[in-house]
Structures are given as structure tokens and as C-alpha cells.
Amino acid sequence: MREVEILAPAGSLCAMKAAFNAGADAVYIGGSEYGARAYADNPDSEELLQAIDYAHLHHKKLYLTVNTLLRNNEIYEGLLPYIAPLYAEGLDAVLVQDMGVISLLREYFPELPLHASTQMTVCGASYAEWLKEKGICRAVLPRELSIGEIRRMCSETGMEIEVFVHGALCYCYSGQCLMSSMIGGRSGNRGRCAQPCRLRYSYCADGGKSSGYLLSPKDLCGLDALPELIDAGVCSLKIEGRMKSPEYAALTSSIYRRYADMYLEHGAGGYHIAETDRSALLDIYNRGGFTGGYFHSHNGQDMMSTRTPGNAGSYVGDASSGGRGHVLLHLKKDIMPGDILQLPDGSSFKAERAARRGDELPLPCRTDGRKGASPVMRTRNEQLMQSLRDAFISGRDIKEKINGFVNISKDMPVTMNADCVGYSVCCSGAAAGEARKHPLDEQEVRKRITKSGQTPFCFEKLDIRMDSDVFLTVSELNEIRRDTLDKLEKKILEGYRRPLPDMADVHGRYQPASDRKQTSAGPALAALISREEQLDAVLSFSDIDMIYLEDVYFSEDAMVRAAAKVHGAGRSLWIAMPHVMRMDREGYFLARAALYRSLGADGFLARNMESCLFLRSQGFRQPVAGDYGMYCMNDISSAVYSQVLDRITVSPELNRRELAHLGALAGNEIIVYGRQPLMISAQCLEKTSGSCSHRGGLHMLTDRYRLNFPVSSICSLCYNVIYNSVPLYLPEVRDDLPAGKGGPAVLRLQFLDESPEQTEKVAGRFAGLSHSDTEPETFTRGHYNRGVE
């Protein structure tokens, strides 16, 4: 029977053991550094070593999260010493986001499997194949992919494919979110997301307005899609939740293990999901109920939890008026002591006694329910939690069954053999003497030898052969048992150990290219335009050498007209490609490729690796620049990208000092003006708020501070871009950063909704002409001064 991995979250060692006890095959866990859940109860390095051994003794796997972006000092000085002892111990795999991390780990730890985190946004087979060449053996797919796309990834890449099947959904494509970073300085790319998507917003489009938790998706429950995912070829079913409790890890692991096995053994005819299991999953944690995610839907209102961003719990009854300051709860489910109920006024009530379905309970509540019955939700099911603790957590470690044989012969050393799943050891101890008063009996020997205590073993079978009238002390029997089980444990773990490589100094081994058409004259100035009427304004400045046309905002006719103007003015025409390239939209991109040829495009701005590889596959040989979403925060990642890109846009999360000491700045690109895209989402705010008009355009999202964030609906490819409320504005870059070959090759201005007059003023400020003293009314320096955590 085919095996499918159940991969559980472990925010702590307790959660790891609970998941293993419940049937998980592997866990993913963060350490003290570089993980995307910096606020989990992550183990330190010594605890990680113990966790690796624990997993291996029980034939499980442990994957370490190093799925954040690293700065130069971190990748050069901290990464290798952090990973080295874990690698030697037998770490099973590392989840990665940063191309520099991939390159460094591949070189120094060649036997260490590398998994591309969902943060890498691997939407296409070509990108997966490219990563495979770089040493990646498994891709964790974006949650946004459909069953059809997942099936193609499995069949066309030959890679291991891992898919999220349960837990929280991000509103944004993972790895393409800067909202927490730009608003509050806590970067999701650095493991410190503040979850601004779980806050209230209002949205205005075409005169209509809605409000609520508009960016908060429901939690995913993939039980119904499990058969299709298994048939598609998915090798690992992943559960989200490293910030959640050990009880959550245990319950989700046990349920998904049961249903994966059910389908593998009995097929579709024998696959049936019990409502009690659905109910238990709701009780342990959910946001506004569950959604089937993107497996069969691209987006929609039913995927969103607009009324509550946190645990919604499960329905237990209705509250109606019970008099002033009280409601009367009409129970539809049993409740037990310790259960926590969410009342209509938002307060919580902890039950102190049991009550049965049909009972009516008066409860204190500021809302008396006179307007009608209000649902009451249970946000903590204490009976469920206690049953999980009893079954999987409380003092219960897995024990591996072993077979033993003890031989006690007079005047000969006692010997003991132990066998465990293909491993066998033999130990000898003290010589047995002749009994003078009380000879050993078999019952006493069996009692002492099978007392395995804190070891990871328990005896399934123990054979004893002993002479009559023979004697050994209790301590001698205990010693032979300890020596044998210690030896067996070491032998099992020896198979996982690896020799440490020679970790020479990595400084200077990865030098980014610094001769990419950069001259002592300083960087070129480029302008990205999103509206045709902005073009004349930027062309009026001869210092603006390159014009980027934002592909998704231009019709074919408008692009033809714009291209003619750009080339007529003697400037270089670059096409800024879409932020998302999915395998199910091949027809669109093939049609656009024909248009690019007809325009005589001089270069391209690729927002993802799929776009770059697509252009090369279509025979385009023009220069390709990578945008900020192909993150370059350190010199090694720049060196990797330079193999396929002509330049890369450095990360907008670097500050002034970090940029000045970034070798990768040389010959690359930096954004100095414009509204930064904060989220790239497969969701549609129009659809969430009512229905999609399919007209596209810019609308407005407003937060609790009344800041307005433009939202662009890209209907041709069905995704939204949420932009920052104010533009980035960094005129000082030219003075601050190195000039010539040590500095950037291109400074980019990005125009979104600016009028021609506003465009001309900003362009003039950076071109150093007549509008040099003009600043935008409101702007941000981004991370240029403050940086990120």
C-alpha cells in the first residue's frame, strides 16, 4: 500500500510528541533562529538535538524551518554554525525561502534534503524544475493552487509535492506579503507577522461599501479533498498550526492519519467522514467555520470569515431574552465543566457544571437578546481537551517494541540480545555465580529486565535461559539491561549521523556580479507607469532612460501606442509582467508573448521565476530584471539570481546601513518612489463585498485609522494587489549609496494612480530638474531608516 506522509506542526517539544503519538509521520519545527514563527515556543539547539533523536528512535522525521530571509551578517556568520550540529545529528530536512540559504546549505551540507517553503510561491512546474537543479527535493505548494494544478505539478516535476490540508489560510500568496512589514515593522519574511489581515477594514467600489474582517479567510479543512490529493500524487499532507496547542497537533494528526489510511486501504467506496470528527475539528479551532480552500474554488465569499478573525468555536445553542442583564441559553448540545462559551455581548462564560441538550441556562450578559435569538458558540471544549491530553500528551511517550533474549549460565558472563526493527545488539555483563541461599528465579529476572523505565523501548517478547542454582545481584541485572538498551539506542541513531564538513570561511566565495552595464556616470533612472496618460510626463525628462509598462493595466492597443511613443523618444521599453503566473493561465501568457514580440520590447521585469523561465522558453533573449518579490536580502541570493537574471531588485526591507554594505547592490536595482504592493491575493475584494463586476480598476480599502489603501483588481488573471496607503519617497538614495560600480545600476520610480501633473512633479524631483523642491503631500521612507525586526 502506498504511503502518504502526515506532516504536523510542532511549536514546542510537547506538541511534537503529541503529534507523533497521534500518528503523524513527521513534524516541522522551528529553532531559536531563522524560522517563520518567531513567537512560537521554539526549542533551543540542545532541545532540537534531543528532538531529532526522539523522532528517529520512533521511525519519524523532523523538518527544521529556516524559511525566512537572511541578511548578510546572518547568512555569512550564523547559518552554518546553527545548522552544523543538527546536520551531524541527522536532521531530516530544512524548509527554506532564501535562495542564498539554499545555495549555502547545498554546498556545505550536501546530504541534507531541502524543501522549498510555501514562502517561495512555487506556482509552476518550470520553477519547481529550476529549484530541483539548485538542490530542492520537495516543494511546499502555495495554498492557492487547484487540484488540477497540483496534479500537474506532481506529474510534470518528478519532485516530492507537499500540500497544506488543514489550518489557517493567509489572505496573500505566502512570501508575497509586505503588509505587516510596511505598516508595523514586523516582517512576515522574518517570521514576525503581526497579522494585519485579521483586523477590520471597509471597502469601497463602484459606490458600494462594506466593512468587517474583509481580509480574514476561514480555516482550511481538506478532508473532502483528501482522495483527490492522494490520487494526484501528493506525498505529504501538511497541517498548519505551529502557534497552536499540543492538543491541536494531536487531534488534527490523528484525524488526518485515520482518513488518509482509510482511503489508501478502502478507496473511494470506503471513504466516509464522520460528523463527530468534523465537530471535533471545529471544537479544537476554526475561524468562522471551515472552507475547502482553493482546491475547487479560485475565491469567494464562502472562503472568508468577515464576522470574526479568531476562533469561532462550535454552535451549542441560542440565547434569548432572560431579563435585564441576563440571557437564557437554550442548549442544543451538552456542555461540561470547564467549557468556555462566547455570549452575544462578546464576553466569555466558563461553565462550572454539566448541562444537557434541552436545558435552559440563565447567563449574565450585557445584551439581553430581546432582538431575537443569538447563537452561542463554545470556544473551548474541555472534555475534548482532556481526552486528548489523556490519550496523547500526559506523561505518554511512544515505546518501541523489542524482542529480548537473556542467557544466564553459571561461571559465565550474563549475555543479553535485543532486536528492534532490523537492529540487533548483544551485551555481556558480570559472571553469574552459584546460588548459596536464594537462587534466581525466572520471574525475578523477567521483572528486572523488562523494567525499561525512561528508555524509548518496551518488551514485546523476552526469552530467558538460565541455569538452576544461579545467582546475580539486582544491580548486575539492572546493569545488563541498561547497557543493552543504551547500545540498541545508539545503534539505531548511528544510522542517522553524518560527518561534519570542513566549513571554511564563506566570505568572498559568493561575489555578486558588479559589472552589469554600470558606469561611473551613476545609475540609470527608470519609470514604471500604470496609465497611458502618465507616459508623456515621464518622457519629458531625458534623464529617464527606461520606461516600464505595467502589463496588466494596458490593453493591447494602449500598449502598442505606448511602445511607439517610447521608442520614438529614443528610450528603452520594458514590460513589467504580472505578479502571478499560474499554470492554468497558459493561454493568456502565450498571447501576451506574441504581443511582446510585436512591440519590440527591449527588456522585461519579472515578478516571479515562472515569468523569467517562460520568457526564455519562448525564445526571448532580451534582458530580464527580477522584481523585489524574488527577494534579494544578501549577496549570495544575488549571485544565484545572476545566473538567470540580468539584475535583481534589492529587498525593500533593507535599511540605509544594510544597503550601503550590501555587495549585491552593485549593478542591481532599487525602488526609490511609488506605492509599494503590500499583498498579492487570489481573493477578490469586490466578490467578498458583493459580486465581482469583472471590470477591474482601482478601489479603496480603509483601515481603522482611516488610512486608504488602493486595491487593484486584475480581472484578466483574477487576483488583487493591495498597495500601501502612501508612496515610498527616497530622493536621498543618490547621495547616500555608493556611486559607480559599487552602486545600483537602476533607480526605479513606480507610478500607480498619479495624475500626469503629479507624475511630472515626482519625475522632475528625481531627474534633478525644475521640480527639485517638490515633495508628495504624504509619503513614507519605508524601511530605509528603520529597517525590520
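The values are calculated or read from the model by the stated rules, or taken from the named source; none is laboratory data. Computed from a predicted model, the values in this text were never measured in an experiment. Reconstructed Cβ throughout: ideal geometry from the backbone, glycine too, with neighbour counts over all protein chains shown.
The requirement of being free of Cβ contacts under 8 Å to residues at least 24 places away in the same chain and polar (S, T, N, Q) is fulfilled nowhere in segment 629-639; no residue meets it.
Only helices (runs of 4 or more DSSP H) whose full extent lies in segment 123-222 are considered here, and the ones with at least 1 residues that are closer than 30 Å to residue 701 by Cα are 179-184. Condition test on residue 585, is it more than 24 Å from residue 536 (Cα to Cα), part of a helix (DSSP H, G or I) and not small (Gly, Ala, Ser)? When the stated conditions are applied, residue 585 passes them.
Counting only residues that are in contact with an Asp or Glu (Cβ under 8 Å, 6 or more places away or on another chain) and among the polar types (S, T, N, Q), segment 230-284 holds 1 of them.
Taking the criterion of being modelled with pLDDT under 95, among the charged types (D, E, K, R) and in a strand (DSSP E or B), the only residue of segment 413-436 that qualifies is 434. The residue of segment 268-306 that is surrounded by the fewest Cβ atoms within 10 Å (Cβ to Cβ), among those that are free of Cβ contacts under 8 Å to residues at least 40 places away in the same chain and of a type outside the set (Asp, Glu), is 269. Filtered by the rule that a residue be within 52 Å of the chain's Cα centre (by Cα) and exposed (fewer than 15 other Cβ atoms within 10 Å of the Cβ), segment 451-466 gives 451, 453, 454, 458, 460, 461, 463. With the requirement that a residue be outside any helix (DSSP H, G or I), in contact with a helix residue (DSSP H, G or I) (Cβ under 8 Å, 6 or more places away or on another chain) and charged (D, E, K, R), what does segment 467-506 give you? Residues satisfying the conditions are 497, 498.
Against the criterion of being among the acidic types (Asp, Glu) and surrounded by 19 or more Cβ atoms within 10 Å (Cβ to Cβ), residue 334 does not qualify.
All of (1) outside any strand (DSSP E or B); (2) under 30 Å from residue 585 (Cβ atoms); (3) within 25 Å of the chain's Cα centre (by Cα) hold for residue 654 with one exception: (2). When segment 543-582 is filtered for residues that are farther than 12 Å from residue 527 by Cα and part of a loop (DSSP other than H, G, I, E, B), the ones remaining, listed by number, are 554, 555, 569, 570, 577, 578, 579, 580, 581, 582. In segment 51-82, the qualifying residues are those that are in contact with a strand residue (DSSP E or B) (Cβ under 9 Å, 6 or more places away or on another chain) and of a type in the set (Lys, Arg), and the one that is surrounded by the most Cβ atoms within 10 Å (Cβ to Cβ) is 61.
Only one of the listed residues (157, 118) is closer than 21 Å to residue 788 by Cβ and among the hydroxyl-bearing types (Ser, Thr, Tyr). That residue is 118. Can residue 394 be described as of a type in the set (S, T, N, Q), at pLDDT below 95 and in contact with a strand residue (DSSP E or B) (Cβ under 7 Å, 6 or more places away or on another chain)? In short, no. Can you pull out the residues in segment 1-50 that are of a type in the set (Gly, Ala, Ser) and surrounded by 24 or more Cβ atoms within 10 Å (Cβ to Cβ)? Within segment 1-50, 8, 10, 11, 15, 18, 19, 22, 24, 30, 36 qualify. When we screen 399, 410 for residues that are in contact with an Asp or Glu (Cβ under 8 Å, 6 or more places away or on another chain), modelled with pLDDT under 95 and under 30 Å from residue 491 (Cβ atoms), the only hit is 410.
Within the span defined as segment 93-101, one or more residues are touching a helix residue (DSSP H, G or I) at 6+ places or on another chain (Cβ under 8 Å), within 14 Å of residue 65 (Cα to Cα), of a type in the set (D, E, K, R) and not assigned by TED's automatic domain parsing to the domain that holds residue 651. Annotation note: Cβ proximity below 9 Å between a residue of segment 384-404 that is touching a residue at least 40 places away in the same chain (Cβ under 8 Å) and in a loop (DSSP other than H, G, I, E, B) and a residue that is surrounded by 14 or more Cβ atoms within 10 Å (Cβ to Cβ) and among the hydroxyl-bearing types (Ser, Thr, Tyr) (sequence gap 6+ or interchain) occurs for 397/54; 398/54; 399/452; 399/455. With respect to (1) in a helix (DSSP H, G or I); (2) aliphatic (A, V, I, L, M); (3) over 20 Å from residue 788 (Cβ atoms); (4) in contact (Cβ under 8 Å) with a residue 60 or more places away in the chain, the lone exception for residue 700 is condition (1). Do we find a residue being part of a loop (DSSP other than H, G, I, E, B) and in contact with a Phe, Trp or Tyr (Cβ under 8 Å, 6 or more places away or on another chain) anywhere in segment 598-605? Yes, segment 598-605 contains at least one residue that is part of a loop (DSSP other than H, G, I, E, B) and in contact with a Phe, Trp or Tyr (Cβ under 8 Å, 6 or more places away or on another chain).
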